[in-house]
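The values are calculated or read from the model by the stated rules, or taken from the named source; none is laboratory data. Please read all numbers here as calculations on a predicted model, not as lab measurements. All Cβ positions, even for glycine, are placed from backbone atoms using ideal geometry, and neighbour counts span all protein chains on display.
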């Protein structure tokens, strides 16, 4: 059981990070803390994708020799799949854009209510 | 040129969106014709796509000529083509309407508004046209981010409503991304057709079950399905009128399309129905959403908020149809997507017209509105009839198919829910119509002749014509429903249902 956990520690970290993010989004009353929670939540997914593709002793998926030659110096089964990494590049861009939009909206809220505490804002809305 | 239509439909609004700030910098007034030109072109390509699909069957467009499992494929069948036409037509109608409305509500943000407007349409079209799971995620986020920004420029409570939408929407999109990761980890593919081919061997795997659960949770949040709908009513109420009329009919419907795609194309109906029987869960949630959304709608005094809760209720109908998972139920669900896009477009446009003239949309202020704005209110009434389900509007036929589907599935509770919900819809729409048509303002009683003509005070023509076209769309979809079903929707139903 302990081995099972330790072997896949990166997946456990992803789950823990995700829960931290969700917890922050649900319970924190400060809107900036909610945004930070949202970011942790998204980061955990990046860790998940990267963990999927990594291997111990893995190497770059680049042929060292041209096609048709007999001896490949690198074993194809040691290649690391680059697709999840590339997907995560896009996901990071999306994350940054989300963060930007969220912060811009927070600026709007701050200008209107003069605070970023959720309770205060709800009180002033009434 | 027509071969390239599947990519042109994305490229045109995207490139036009990127150039809009430049055009706005040269002259602010040019933005409006620029956006109209762009949306007309993409509407044209959507019709070309629909015609090609009807004549020659499914289109598969290889992006950059890379073969499907490795490259991105744009796969368009009858369902996609129908959704593309709906999206481009509704967004064109809203774009025509937006001129006066946005000038009144946000005169200093016209250039930004139109830029993000086009990006939003790009996101919707991309989600529908793409046949690649990760590509769909990217377009989903483009549509959502544009939506957050558009909603945030609304009235003074809009930024807070939009912030809640950002937080909840991001959770939804992240769940979807996570699910794509799980699917990729066991199949090694992102292409929908390829995944659908590889998945059946893995149906007993827990990874697939996890992926399915995350995917449905993510899409349900984006779709504003009943227990996770909390972001929707405030966001749609406080957004500018033109934005509510664009986002409320389309965002939820595109997510509903995604749900149909996931349940019946990515996963086979056999898995959803027989192996884990998720479909009965979806239809019960949908039925609960119909009742809850309608009851919340009755409790509202603000017209836009009432309509937003009505969106939640109507999403319930679509979910119910998807959950029934028989040919009548799914026909009803797809027809309801078509109907709802036009109907919600029409009533939100009419509500925007009322806001334009009255400055607010409290139902109590609507007295005498039928005499002041006869054309707008007539269109609103047609929309209300469609939501209630009175023939010959389209709402009647989609509900009819849903009821037939429930009978075929032997689910008499759902028949009861569908009929009862019509009564609830009557309650909340007739409150508006009755106030607008029959109640008089206090000043009218003091007048000598109570039937003296109230001066007509209609919205400008650029707003009135789109409202009328949307109302006409409702009637046409209703009258030609059998043609729509027999030529398009019939092929969208997966075989074996």
Picked from segment A:92-106 (must be in contact with a helix residue (DSSP H, G or I) (Cβ under 6 Å, 6 or more places away or on another chain) and free of Cβ contacts under 8 Å to residues at least 60 places away in the same chain), the residue farthest from the other protein chains (Cβ to nearest Cβ) is A:95
Within segment B:22-72, track down each residue that is under 20 Å from residue B:142 (Cα atoms) and out of contact with any helix residue (DSSP H, G or I) (no Cβ under 6 Å at 6 or more places or on another chain).
-> B:63
Enumerate the helices (runs of 4 or more DSSP H) found wholly within segment B:304-389, keeping only those where 1 or more residues are surrounded by fewer than 24 Cβ atoms within 10 Å (Cβ to Cβ), modelled with pLDDT under 85 and touching a helix residue (DSSP H, G or I) at 6+ places or on another chain (Cβ under 7 Å).
-> B:327-358, B:369-372
Could you list, in sequence order, the residues of segment A:107-126 that are within 7 Å of chain B (Cβ to nearest Cβ) and within 21 Å of residue A:41 (Cβ to Cβ)?
-> A:109
Considering every residue within segment B:118-131, establish whether at least one is part of a helix (DSSP H, G or I), within 14 Å of chain A (Cβ to nearest Cβ) and more than 23 Å from residue B:43 (Cβ to Cβ).
-> no
Collect the residues in segment A:19-50 that are outside any helix (DSSP H, G or I) and within 15 Å of the chain's Cα centre (by Cα), keeping them in residue-number order.
-> none
Number of the condition not met by residue B:290 [criteria: (1) more than 14 Å from the chain's Cα centre (by Cα); (2) farther than 21 Å from residue B:403 by Cβ] | (2)
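Of everything in segment B:280-289, what is closer than 12 Å to residue B:325 by Cα and buried (at least 21 other Cβ atoms within 10 Å of the Cβ)? Give them in sequence order. Please lay out each step first, then the result.
At the first step, the residues of segment B:280-289 found to be closer than 12 Å to residue B:325 by Cα are B:280-283.
Correct list: B:282, B:283.
Quick check on segment A:60-77. Is at least one of its residues at pLDDT 80 or above and away from chain B (no Cβ under 12 Å)? Steps first, answer last, please.
Start the filter on segment A:60-77 by keeping residues that are at pLDDT 80 or above, which leaves none.
Within segment A:60-77 (the criterion being at pLDDT 80 or above and away from chain B (no Cβ under 12 Å)), the answer is no, since none of the residues qualifies.
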